[in-house]
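Peer 1: Input: one structure, supplied below.
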Amino acid sequence: MKALMIDDEINVRFVMKQLGEWAKYGITTLFEAANGQEAKRIIEKESPEIIFTDIKMPGMSGMELIEWLHTNSYTGKVIFITGYDDYSFMRKAIQYNSFDYLLKPIEAEPFNKALAAAVEAWKKEEKERNNKVNEEMESVQRYRMNQVVTQACIGEHVDELEIASFLPNANQYELTLISFYQMHHAEPYVQQLAAELMKQEWGNAFALQNDINLCLVISIESYWILIEEWISQHFDIPVRLVSGKPISFLKEIPRSFQDLQKGLEGQTYRSIHRVNDLDDARRMQDIVAYVETYYMEELSLEKLANRFFLSREHISRKFKQQTGLPLSKYVINLRINQAKTWLTETDESILSISLMLGYQDEKYFSKLFKKVVGMTPFEYRNAKEKQALTSRECETY
């Protein structure tokens with residue numbers, strides 16, 4: 001570590017140099033400066049972690065220096081040493097995050113106590129900064145891995161060598177698709193599983209970016225029994241699993257993934273930690289809430305069945321009991337109500353509204369709107385505009 005002493009009096013710098021137990025606290029290089037300007041040049045070149053500085057100095061004062069350090073996001077520790085026991089100095093020092101404030105004449109014990117505390121605080125914060133940087137780098141790497149594998153799954157061209165870099169070397173791999181219950185937060189479980197697989201050199205787990213409820217595990221052939229046992233012991237939420245045939249080349253991922261999806265949709269899956277039947281009422285509430293959130297996307301009983309771990313028939317029956325309407329009609333009503341809002345409160349075109357609601361055909365949307373509302377979207381917007389105009393005229397009179 002490096003330390004910098006700043007004082008316009010050479011004898012004060014000499015005293016600091018003699019009193020400081022520099023080596024004891026890990027200071028290997030000690031710099032001196034007579035004023036703030038000289039100190040700036042040293043700081044820019046050497047980046048000392050610990051700075052002792054006087055407040056009043058010719059040219060650039062200690063306060064001006066710490067203000068400059070604050071502006072440049074200095075991460076080291078600044079300790080003021082001054083003969084002025086002035087509250088205004090102390091207040092400004094605190095404002096710019098100085099670490100400590102010592103009065104002259106300098107005494108060995110408080111000086112070294114401040115030095116030790118500053119070094120310890122810097123080390124702790126530096127460790128936290130490094131951990132944060134490492135976490136950010138890991139996050140970027142995880143995102144890249146998930147992105148590349150997701151692209152491979154949907155058939156986009158990817159570099160097979162890049163995918164191979166995420167995996168232990170093997171002649172054959174097994175692919176397993178894990179489906180998480182919609183209302184559970186899957187990411188921590190996927191990260192935990194991925195860390196274990198890489199640690200054991202069994203494979204890796206990837207959160208698919210086109211569906212937050214799906215995770216693809218690529219593992220070395222014959223290790224899946226151990227992996228499934230680990231999942232059953234460490235996952236405290238229900239999941240569904242579909243495994244495929246071993247593949248020899250990573251370019252086979254798209255075809256294998258499609259087979260896994262078909263298996264999941266065809267309900268040829270294995271379950272770990274089945275959802276208790278007592279949760280049925282809550283799951284129906286979750287389904288209704290999901291529909292009311294994602295009604296502008298493509299929804300089907302099959303999609304809901306896979307996300308909420310219930311059969312299509314069960315959802316169909318219970319959804320109507322819960323809402324009084326079949327799923328399709330419930331979605332239509334939600335979309336039409338949203339269309340009414342946009343027609344009256346925005347200038348969006350009817351084509352734009354139909355597309356936002358998930359209808360690619362404007363004519364079909366208009367016919368559907370008229371069937372439900374009794375007038376076309378165009379007529380509805382005109383009627384509401386006339387109604388609003390009449391209301392304003394009545395208020396005027």
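Read-outs: derived from the displayed coordinates by stated rules, not from any lab. Remember, predicted model here, so these are calculated numbers, not experimental data. Ideal geometry is used to build each Cβ from the backbone, glycine not excepted, and the neighbour counts take in all protein chains shown.
Peer 1: Can you name every residue in the stretch 1-38 that is part of a helix (DSSP H, G or I), over 22 Å from Met60 (Cβ atoms), under 46 Å from the mean Cα position of the chain (by Cα) and not aromatic (Phe, Trp, Tyr)?
Peer 2: Ala23, Lys24, listed by residue number.
Peer 1: Continuing with the same structure: Kindly check whether there is at least one residue in the stretch 250-257 that is part of a helix (DSSP H, G or I) and either touching a Gly at 6+ places or on another chain (Cβ under 6 Å) or under 27 Å from Ala289 (Cα atoms) (or both).
Peer 2: So in the stretch 250-257, the residues part of a helix (DSSP H, G or I) come out as 250-257.
Next, only the ones that are either touching a Gly at 6+ places or on another chain (Cβ under 6 Å) or under 27 Å from Ala289 (Cα atoms) (or both) stay: 254, 256.
Yes, some residue in the stretch 250-257 is part of a helix (DSSP H, G or I) and either touching a Gly at 6+ places or on another chain (Cβ under 6 Å) or under 27 Å from Ala289 (Cα atoms) (or both).
Peer 1: Could you tell me which of the residues Leu4, Leu69 is of a type in the set (A, V, I, L, M) and within 18 Å of Lys123 (Cβ to Cβ)?
Peer 2: On the way: Leu69 fails: within 18 Å of Lys123 (Cβ to Cβ).
Going through Leu4, Leu69 in turn, the sole match is Leu4.
Peer 1: Sticking with this structure for a sec: Within the stretch 28-64, track down each residue that is in contact with a Pro (Cβ under 8 Å, 6 or more places away or on another chain) and hydrophobic (A, V, I, L, M, F, W, C).
Peer 2: Matches in the stretch 28-64: Phe31, Ile42.
Peer 1: Between Asn130, Asn146, which is in contact with a Leu (Cβ under 8 Å, 6 or more places away or on another chain) and either surrounded by fewer than 12 Cβ atoms within 10 Å (Cβ to Cβ) or part of a helix (DSSP H, G or I) (or both)? Let's see the steps before the verdict.
Peer 2: On the way: Asn130 fails: in contact with a Leu (Cβ under 8 Å, 6 or more places away or on another chain).
Of the residues listed, the single one that is in contact with a Leu (Cβ under 8 Å, 6 or more places away or on another chain) and either surrounded by fewer than 12 Cβ atoms within 10 Å (Cβ to Cβ) or part of a helix (DSSP H, G or I) (or both) is Asn146.
Peer 1: Within the stretch 303-320, does at least one residue satisfy the condition of being touching a strand residue (DSSP E or B) at 6+ places or on another chain (Cβ under 9 Å) and among the polar types (S, T, N, Q)? Talk me through it step by step, then tell me what you get.
Peer 2: Filtering the stretch 303-320 for residues touching a strand residue (DSSP E or B) at 6+ places or on another chain (Cβ under 9 Å) gives 306-307, 309.
Within this subset, residues satisfying the condition of being among the polar types (S, T, N, Q) are 306.
Yes, the stretch 303-320 contains a residue that is touching a strand residue (DSSP E or B) at 6+ places or on another chain (Cβ under 9 Å) and among the polar types (S, T, N, Q).
Peer 1: Within the set of pairs 6+ apart or on separate chains, which have a first residue in the stretch 119-136 that is under 25 Å from Phe52 (Cα atoms), a second that is part of a helix (DSSP H, G or I), and C-beta atoms under 7 Å apart?
Peer 2: Partner pairs satisfying both residue conditions: Val119/Tyr25.
Peer 1: Scan the stretch 229-240 and give yes if some residue there is within 10 Å of Leu175 (Cα to Cα) and buried (at least 19 other Cβ atoms within 10 Å of the Cβ), otherwise no. Working first, answer last.
Peer 2: Here is the first cut: in the stretch 229-240, the residues within 10 Å of Leu175 (Cα to Cα) are none.
No, the stretch 229-240 contains no residue that is within 10 Å of Leu175 (Cα to Cα) and buried (at least 19 other Cβ atoms within 10 Å of the Cβ).
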